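Participant: Before I ask anything, here is the structure I am working with.
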Amino acid sequence: MADALLRLTGLTKAYPGVVANDDVSFDIGEGEIHALLGENGAGKSTLVKMIYGLVTPDSGAMQLRGKTFAPSEPSEARRAGVAMVFQHFSLFDALSVAENVALGMEAPPPTRDLARRIREVSEEYGLPLDPFRTVGTLSAGERQRVEIVRCLLQEPQLLIMDEPTSVLTPQEVEILFATLRQLKDEGRSILYISHKLDEIRALCDTATILRQGQKVDTCTPSEQTARALAEMMVGSSFEMPEGRAHSTGDVLLEVTGLSLAAPGAFGTPLRDVSLSVRRGEVLGVGGVAGNGQDELLAALSGERLAPAGTIAFAGRDISRAGPMARRDAGLLCAPEERLGHAAAPDMSLTENAVLTGARREGLVSRGLIDWSAARGFAQKVIDAFDVRTPGTGTAARALSGGNLQKFVIGREILQRPDLLVVNQPTWGVDAAAAAAIRQALLDLAAEGAAILVISQDLDELMQVADRFAALNEGRLSPARPVSELSLEKIGLMMGGAHDMEAAHHA
Amino acid sequence: MDFGSINPVLLLASVMVSATPILFAAIGELVVERSGVLNLGVEGMMVTGAVVGFAVAVNTGAPLPGFAAAALASAVLSLTFGVLTQVFLSNQVATGLGLTLVGLGLSALIGKPYEGMKSPTLPRIDLGPLTDLPVVGRLVFGHDIMVYVALALVAGVWAFLRYTRAGLILRAAGENHDAAHALGYKVIRIRLAAIFFGGACAGLGGAYLSLVRVPQWTEGMTAGAGWIALAIVVFASWRPWWVLVGAYLFGGVTVLQLNLQAAGAQVPVALLSASPYLVTILVLVVISARGHHGAPGSLGRPFHASQ
């Protein structure tokens, strides 16, 4: 790698109560794919927001090709040749592809020319797109193409990508990598943010590792083991979850031919979903986000009632039973989205414990809440799952993602479920907490409960699941034993590369 | 009962007049909501526009300065709502309701000396032979200038939202304010501008009531027109031309029931007077039952540019 394209010196940014970046310095070379590695909350996002002009550093300086670079807003960064693909929230569902692209450009040409250029660029990089489709109807992979094409139209020198593969199938990841390598060959640089170590080792030339706002190291990832990188990120070693030998019992949950209309304009309908889970077994359901995961959980938890005769639990048809009845019967759920769906953010842990545990734990008598029992139950969850919090009176919002997730999962596990359905159990959770949560799920299965894990993290499913099925546009593939599967097969089960093609540009 | 006394041409012409105040208010509110803000204070801004427009028109002796003053007064009033909700992040629903109450109270205070007075009103335009055409002449070429201004405003808002970059950015702010912010757009500034425009439109609508439609000042004379305007925005699924349809539908029912009353229909007067509101509720229920109705994604959600 020749000269530095972008040089960061001593960047520091503090927010009330937390130093997001502390004296961070490194160089990004010309034509280099540079990885920025770190756990959630390590300061990766704040750092790239400074480069993109969304956040102004408290101190420190940046130089782009030797010239001072201090963008005060994103449009300035874009003019200087810096473009960014966001992890989420940068697309507008109700607008068309062309409109979305136009919004990210400084001086967009008239719609007709823009549509033509979108077609050209997307063809050139093997990312086919229809400029007039409404973005809300696109798959996650296609949505990402919109963002990438939006950046490429501006001929960027530095492309920042924030966790780009978290929503892609393995095949789509391959195509993305081909596109990125092609960009690199054209002399452009890429700042690639991720916590997926294998990808970084395969793709990136250099890696800078952040931990708690500070730079830990800059290294060549292909020379490091994934384990070593992980320990640099976390700062200590941690236990990987281990399954225990256990036998599977009778079929506990049997879903047959479940079809359910989409709940909203941009939701996914469930199409003829069939699955079964036995006692002592973990069934993993994978798939790219937005292919029916949330809808499947809602149908199983009873938030949406299913057509009669489609869901049988312990031999009884519960399709038309509400969430309370299902909880009473022993079917418990821990939905995704801790702040909003699984927990009420502004309520205390005790109150959150009552919300799902009231009946099974006997926290309510004659319509009145037994607060001391509720506090006891919340404390039990906190103790058993090592939730770091000042006490049971703390608001759910005040906990870190990992701690709240441990609480949410622990709250269900301690209610002794016969069947536990979890969606995204370790999303946005640090590696140590994720390992603890996965271990808890395995332990629960070893005690004879049936578990259904819905997740977009394939590594997680490979670790915990006995059998694997994939959701693709609301359809569920037949489940297959994990031991027979390779990553490639799983990718195909997830729908392969959704009409993508490799770049055909010289 | 004598339906023969109802002249269809005059009926349609009066529908256009009766729909104009709501049309002004609704097209303004549509822009506000497309930018992602729910301003429930339309009623208060309308009634303020009505009294300020009336007072200025009476004192200057000309209606047009009245309209200008009404637009300005309501826009300034709406900016208090804008500053409270956008800068100080107060709850939009509560602040909007407060704005209505403030508007009603303020207008009663300002309007006290003007009760019972008569204002100068807008003449109908006269295009000579065109206006003398049968049916078409009265319907198309025989209104006062503000009727045409309202129609032009609908067309203008439609073209603005559909064809201009500023319109695209406004829609983007309403659709997903986090994304708009991430791309570097000034969400709060965009929304304040939209709120200002919405206030001005509501003021024009109010002034049309007190200067043309009635034309005099009585306390609380908007009588729910602002609420109907809000309902019509939903009815229209946030699309400008459908606002026109909704306003004319509501105006049509209003005029029709007045004519039925005059013709001595054997239906209780109270029920007839309530019929426009009943129709509005009915239409809204039907629309909601259809499911998706295209509300802007960030409508009513507070925006804070946190990291």
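Participant: Would you please give the residues with an amide H less than 5 Å from that of A:C333, counting only those at least 5 places away or on a separate chain, with H modeled from the backbone geometry?
Facilitator: Result for A:C333 returns A:V421.
Participant: Tilt of helix B:225-235 relative to the longest C-alpha principal axis of chain B, in degrees (0 to 90, nearest 10)?
Facilitator: It is inclined by approximately 60 degrees.
Participant: How much FRET efficiency would the formula 1/(1 + (r/R0)^6) give for A:D328 and A:E484, where r is the Cβ-Cβ distance and R0 is 41 Å, rounded to 0.05?
Facilitator: FRET efficiency, A:D328 to A:E484: 0.65.
Participant: Under unit Cβ charges (Lys, Arg +1; Asp, Glu -1), what dipole magnitude, rounded to 20 debye, does segment A:383-431 have relative to its Cα centre?
Facilitator: 140
Participant: Let me ask something additional. Taking the beta-carbon count within 10 Å as an exposure proxy, list B:S35, A:S139 from fewest neighbours to most.
Facilitator: Going from sparsest to densest Cβ surroundings: A:S139, B:S35.
Participant: Hey, got the average number of other protein chain Cβ atoms within 10 angstrom for residues in A:93-100?
Facilitator: Counting Cβ atoms of other protein chains within 10 Å of each residue's Cβ and averaging gives 4.
Participant: While we're looking at this one, here's another question. How far, in nm, would the chain grow between A:H341 and A:S25 when pulled straight, counting 0.36 nm per residue and subtracting the alpha carbon separation?
Facilitator: Extending this stretch completely gives an extra 109.9 nm.
Participant: Relative contact order, percent, of chain B when contacts are C-alpha pairs under 8 Å separated by at least 6 residues?
Facilitator: Here the relative contact order equals 37 percent.
Participant: Compute the long axis of helix A:111-124 from its Cα atoms, compare it with the longest principal axis of the Cα atoms of chain A, and write down the angle in degrees, 0 to 90, nearest 10.
Facilitator: The angle comes out near 80 degrees.
Participant: Through the Karplus equation 6.51 cos²θ - 1.76 cosθ + 1.60, θ set to phi - 60°, convert the phi angles of segment B:82-91 into ³J(HN,Hα) values in whole Hz; use x for Gly and Pro.
Facilitator: These are the phi-based 3J(HN,Hα) values: x, 5, 4, 7, 8, 8, 9, 6, 6, 5 Hz.
Participant: Name the residue from A:A445, A:V48, A:T169 whose Cα lies farthest towards the positive end of the charge dipole of chain A, charges +1 on Cβ of Lys and Arg and -1 on Cβ of Asp and Glu.
Facilitator: A:A445
Participant: Something else about it: By the scheme Lys and Arg +1, Asp and Glu -1, what is the net charge of all other residues having a beta-carbon under 10 Å from that of A:P131?
Facilitator: Cβ neighbours under 10 Å give a net charge of +3.
Participant: Once amide H atoms are placed 1.01 Å from N in the peptide plane, what residues at a sequence separation of 5 or more from B:L38, or on another chain, have their amide H within under 5 Å of its amide H?
Facilitator: Close amide H contacts, sequence-distant or interchain: B:G300.
Participant: While we're looking at this one, here's another question. Output the 0 to 90 degree angle, nearest 10, between the alpha-carbon long axis of helix B:240-263 and the longest principal axis computed from the alpha carbons of chain B.
Facilitator: Once rounded, one gets 30 degrees.
Participant: Let me ask something additional. Considering only DSSP beta bridges with both partners in the protein assembly as shown, what is the antiparallel share in %, to the nearest 5?
Facilitator: In the protein assembly as shown, DSSP labels about 55 percent of beta bridges as antiparallel.
Participant: Let me ask something else about it. Please list, ordered by chain and number, the residues whose modelled amide H lies under 5 Å from the amide H of A:V216; skip anything fewer than 5 residues away on the same chain.
Facilitator: Amide H neighbours of A:V216: A:I209, A:L210, A:R211.
Participant: Could I ask something else about it? Between beta-carbons, use under 11 Å as the cut-off and find the net charge around A:L399, counting Lys and Arg +1, Asp and Glu -1.
Facilitator: +4
Participant: How about segment A:138-209: which GluC sites (Glu not before Pro) there lie in a loop by DSSP and see at most 16 other Cβ atoms within 10 Å?
Facilitator: The qualifying sites are A:E186.
Participant: Let me ask something else about it. Would you mind classifying segment B:197-307 by shape? Square roots of the alpha carbon gyration tensor eigenvalues, ordered a ≥ b ≥ c; an a/c under 1.5 is rounded, otherwise it is prolate if a/b is larger than b/c and oblate if not.
Facilitator: oblate
Participant: Could you check the spin-label model distance between B:D126 and A:A107? Points 7 Å from the Cα along Cα→Cβ, value in nm.
Facilitator: Label at B:D126, label at A:A107, 5.3 nm between them.
Participant: Would you calculate the separation in nanometres between label points at B:A108 and B:Y148, each defined as 7 Å from the Cα along the Cα-to-beta-carbon direction?
Facilitator: Rounded to a tenth, the inter-label distance reads 4.0 nm.
Participant: Determine the principal axes of the Cα atoms in chain A, then give the extent along each, sorted from largest to smallest and rounded to whole angstroms.
Facilitator: Sorted from largest, the Cα extents of chain A read 71, 46, 41 Å.
Participant: Here's something else I'd like to know. Around B:T20, with a cut-off of 11 angstrom between Cβ atoms, what is the net charge of the other residues, counting Lys and Arg +1 and Asp and Glu -1?
Facilitator: Every neighbour counted, the sum reads 0.
Participant: Along the charge dipole of segment A:1-126, Cβ charges K/R +1 and D/E -1, which of A:S72, A:L37, A:L5 sits furthest on the positive end?
Facilitator: So the residue furthest toward the plus end is A:S72.
Participant: Next question. Using 0.36 nm per residue, how much length does the chain from A:A70 to A:A395 gain when fully extended, once their Cα-Cα distance is taken away?
Facilitator: Separation in residues times 0.36 nm, less the Cα-Cα distance, equals 113.2 nm.
Participant: GNM, chain B, Cα, under 10 Å: largest mean-square fluctuation among B:F24, B:F235, B:F54?
Facilitator: Greatest mean-square fluctuation among the candidates belongs to B:F235.
Participant: Once you place label points 7 Å from the Cα toward the Cβ at B:H304 and B:A159, how far apart are they in nm?
Facilitator: Those two pseudo-labels are separated by 4.2 nm.
Participant: How high is the relative contact order of chain A, given as a whole-number percent (alpha carbon pairs under 8 Å, six or more residues apart)?
Facilitator: Reported as a whole number, the value is 17 percent.
Participant: Name the shape class, rounded, prolate or oblate, that the alpha-carbon gyration tensor gives for segment B:135-220, where a ≥ b ≥ c are the square roots of its eigenvalues, rounded holds for a/c under 1.5, and otherwise prolate holds if a/b is larger than b/c and oblate otherwise.
Facilitator: Oblate, since a/c reaches 1.5 and b/c is not below a/b.
Participant: Helix-only mean residue ellipticity at 222 nm, chain A, DSSP H runs n ≥ 4 weighted -39,500 (n - 2.57), per residue, nearest 500. What is it?
Facilitator: Helices in chain A give a 222 nm mean residue ellipticity of -9500 deg cm²/dmol.
Participant: For segment B:14-226, what class follows from the C-alpha gyration tensor (a ≥ b ≥ c being the square roots of its eigenvalues): rounded when a/c is under 1.5, otherwise prolate if a/b is larger than b/c, else oblate?
Facilitator: Oblate.
Participant: Calculate the length of the line joining the C-alpha centroid of segment A:1-38 to that of segment A:349-397, in whole Å.
Facilitator: Rounded to whole Å, the Cα centres lie 43 Å apart.
Participant: For segment A:255-353, list log₁₀ I(q)/I(0) at each q in 0.10, 0.11, 0.16 Å⁻¹, using the Debye formula over Cα point scatterers of equal strength and ignoring solvent, two decimals each.
Facilitator: -0.30, -0.36, -0.76
Participant: Convert each backbone phi in segment A:176-184 into a coupling constant with the Karplus relation 6.51 cos²θ - 1.76 cosθ + 1.60 (shift: θ = phi - 60°), then list the ³J(HN,Hα) values in order as whole Hz, x for Gly and Pro.
Facilitator: With the stated coefficients, segment A:176-184 comes to 4, 5, 4, 4, 5, 5, 4, 4, 5 Hz.
Participant: What ³J(HN,Hα) values, in whole Hz, does the Karplus curve 6.51 cos²θ - 1.76 cosθ + 1.60 give for segment B:93-107 when θ = phi - 60°, with x put for Gly and Pro?
Facilitator: 5, 5, 5, x, 4, x, 4, 4, 5, 4, x, 5, x, 4, 5
Participant: If you stretched the chain out fully between A:E231 and A:A261, how much longer would it get, using 0.36 nm times the residue separation minus the C-alpha to C-alpha distance?
Facilitator: 6.3 nm
Each value in this text was obtained by applying a stated rule to the coordinates, not by laboratory testing. Everything numeric in this text was worked out from a predicted model, so none of it was measured. Neighbour counts run over all protein chains shown; Cβ positions are idealised from the backbone, glycine included.
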